[in-house]
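A short worksheet on the structure shown next.
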Amino acid sequence: MKKVFLSCCLVAGLIACTSTKKIVSKSINNTLSSPFYDNQFTGVLFIDATSKDTLYKQNSDRYFTPASNTKIFTLYAALNTLPNRIPALCYIQQNDTLYIEGTGDPSFLHPYVKDSTVFKFLQKQKNIALYTGNFKDERFGPGWSWEDYGYYYSPERSAFPTHGNVILMTNGTETPVVPSYFKDSVIRSSSEINREEHRNLFYFDTTRTDTLEVPFKTSDTTLKAILEKELKTNITLAKEMPVGVKQTLYGIAADSLYIRLMHESDNFIAEQLLLLSASETTDTLHSKLAITNTLNHLLPNLPQEPKWVDGSGLSRYNLFTPQSMVYVLELLYKEVPKERLYTIFPSGGVSGTLDNWYGSDSKPYLYAKSGSLGNNYCLSGYLLTKSGKTVIFSFMNNHFRNPTSEVKAKMEQLFESIRDTY
């Protein structure tokens, strides 16, 4: 009798589970079949994190412009190549001179990521020679918009960034220009542009009440000048590093960068993390090396090989499928403790780019990365249901003409339905 009872319970459980999946699938299908989605390209995949069952899929093997969902792949590359503390600097001491080269670490004097490890280390040195020849990449990523050079979200990439490779301009403070090296390069008047395209000449409207953040044009001579002013010592530009074993100085906790990467969708940190990843496996800082290593060695079994060209997703050349997004999210779910994983990802209604969406009256139920470009909005991550299940998903919307807020509202209704019924 006991065996019969257990068998009946098992059958009943399977029937209930199947019924629930059908209800969820029907609900999603009804939403995506509405006229709202007729004139856009939509791809979705929802899977149960434990059973691996597919709850729903539509165009999940098709390619989409992912925007900042690209950062999920960048995060995976960083987590699997970088140590718990970021390699901040490589150096060789030769006689009385310290030869240094950058690793791509973005944290040196960064306005929002506070870490003074490298600064304090260099302050103690008398003779410093800076080598930047290990940077073989371009200052901008493939497919970036040329006219974005003056906007905060598009700083240049470099081997040894300082101050996030941006200048901050503010009214009514003791430090109106940071770094102060550029204080005489700011014209205080209104202008349609924030900076001259080919030189570090900036414009700041004195009626502004906020802080204006503008990328500066990087070069070896500019970096040298900024370092000399900040460290109050002379810096020599070295043509090469001496022969010998390089020492590594480790700095900020890696998770500090990962959290800002995902919560603030920080493009600069994304790009520099790829350079850091390349520096860990080669002597050359080039994002393509990190991408190739990740796809060939860390993710050789992706359902569909992406076209992956940068770390941030600024480029419209990037092409990823919902299946590949879910594949990487599933690996993260298995490899990273949940408390850490959900701390790195923004939580709906609480933090980062999701603070005004996908909220709950109680604890958060959605942990995901958004991605936005003109007429594109994607969201990929983890949905926790009221029954205790976890759903891994990727929801990609391309080429819509409705306001993005309406797209988000439709998605929110669908997510809440899954949360409440599955």
Have a look at THR81, THR103, THR70 and point out the one that is under 27 Å from LEU299 (Cβ atoms) and either of a type in the set (A, V, I, L, M, F, W, C) or touching a Cys at 6+ places or on another chain (Cβ under 7 Å) (or both).
-> THR103
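Using the structure shown, decide if ASP61 is modelled with pLDDT of 95 or more, among the charged types (D, E, K, R) and not in a helix (DSSP H, G or I). Break it down into steps so the answer makes sense when it comes.
Working: modelled with pLDDT of 95 or more: yes; among the charged types (D, E, K, R): yes; not in a helix (DSSP H, G or I): yes.
In short, yes.
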Within segment 24-41, which residues are exposed (fewer than 14 other Cβ atoms within 10 Å of the Cβ) and not small (Gly, Ala, Ser)?
-> LYS26, ASN29, ASN30, PRO35, ASP38, ASN39
Examine segment 282-295 for a residue that is assigned to a helix (DSSP H, G or I), in contact (Cβ under 8 Å) with a residue 40 or more places away in the chain and among the small types (Gly, Ala, Ser), and state whether such a residue exists.
-> yes
Selection within segment 42-85 - surrounded by fewer than 16 Cβ atoms within 10 Å (Cβ to Cβ) and touching a Lys or Arg at 6+ places or on another chain (Cβ under 8 Å) | THR50, ASP53
Verdict on PRO322 being touching a residue at least 60 places away in the same chain (Cβ under 8 Å), surrounded by 17 or more Cβ atoms within 10 Å (Cβ to Cβ) and of a type outside the set (Asp, Glu) | yes
Please specify each residue of segment 54-92 satisfying the condition of being among the aromatic types (Phe, Trp, Tyr) and under 20 Å from SER107 (Cβ atoms).
-> TYR91
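Any idea which residue in segment 188-205 is nearest to the chain's Cα centre (by Cα), counting only those that are part of a loop (DSSP other than H, G, I, E, B) and among the charged types (D, E, K, R)?
GLU197
This table checks each residue for (1) at pLDDT below 95; (2) part of a helix (DSSP H, G or I).
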| site | (1), (2) |
| --- | --- |
| PRO303 | no, no |
| GLY313 | no, no |
| ARG316 | no, no |
| SER324 | no, yes |
| GLU330 | no, yes |
| LYS334 | no, yes |
| LEU341 | no, yes |
| GLY349 | yes, no |
Subset of segment 242-258 that is buried (at least 20 other Cβ atoms within 10 Å of the Cβ) and among the hydrophobic types (A, V, I, L, M, F, W, C) - its residue that is nearest to the chain's Cα centre (by Cα) | LEU257
Just wondering, is there one or more residues in segment 248-260 that are within 21 Å of ASN127 (Cα to Cα) and among the β-branched types (Val, Ile, Thr)?
-> yes
Hey, can you tell me all the residues within segment 89-114 that are under 19 Å from the mean Cα position of the chain (by Cα) and in contact (Cβ under 8 Å) with a residue 12 or more places away in the chain?
-> THR103, GLY104, ASP105, PRO106, SER107, PHE108, HIS110, PRO111, TYR112, VAL113
Inside segment 114-135, can you point out the residues that are surrounded by 21 or more Cβ atoms within 10 Å (Cβ to Cβ) and farther than 16 Å from LEU231 by Cα?
-> TYR131, ASN134, PHE135
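Determine if segment 405-412 includes at least one residue that is of a type in the set (Gly, Ala, Ser), assigned by TED's automatic domain parsing to the domain that holds THR321 and over 13 Å from THR42 (Cα atoms).
Checking segment 405-412: at least one residue is of a type in the set (Gly, Ala, Ser), assigned by TED's automatic domain parsing to the domain that holds THR321 and over 13 Å from THR42 (Cα atoms).
Answer yes or no as to whether PHE140 is in contact (Cβ under 8 Å) with a residue 60 or more places away in the chain and at negative phi.
No; evaluated as a whole, the condition is false for this residue.
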Can you pull out the residues in segment 406-422 that are under 25 Å from the mean Cα position of the chain (by Cα) and not charged (D, E, K, R)?
-> VAL407, ALA409, MET411, PHE415
Taking TYR152 and the conditions (1) over 19 Å from the mean Cα position of the chain (by Cα); (2) part of a loop (DSSP other than H, G, I, E, B), which numbered condition does it fall short on, given that it satisfies the others?
-> (1)
The condition from (1) buried (at least 24 other Cβ atoms within 10 Å of the Cβ); (2) under 27 Å from LYS389 (Cα atoms); (3) small (Gly, Ala, Ser) that GLY102 misses is numbered (2)
Could you tell me which numbered condition LYS126 fails, if it satisfies all but one of (1) in a strand (DSSP E or B); (2) closer than 16 Å to THR233 by Cβ; (3) not polar (S, T, N, Q)?
-> (1)
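Can you go through THR218, THR236 and tell me which one is in contact (Cβ under 8 Å) with a residue 40 or more places away in the chain, part of a loop (DSSP other than H, G, I, E, B), in the same structural domain as SER265 (by TED's automatic domain parsing) and polar (S, T, N, Q)?
Within the list THR218, THR236, the selection yields THR218.
The values are calculated or read from the model by the stated rules, or taken from the named source; none is laboratory data. The model shown is predicted, which means the values in this text are computed figures rather than measured ones. Note that each Cβ is placed from the backbone with ideal geometry, even for glycine, and that neighbours are counted across all protein chains shown.
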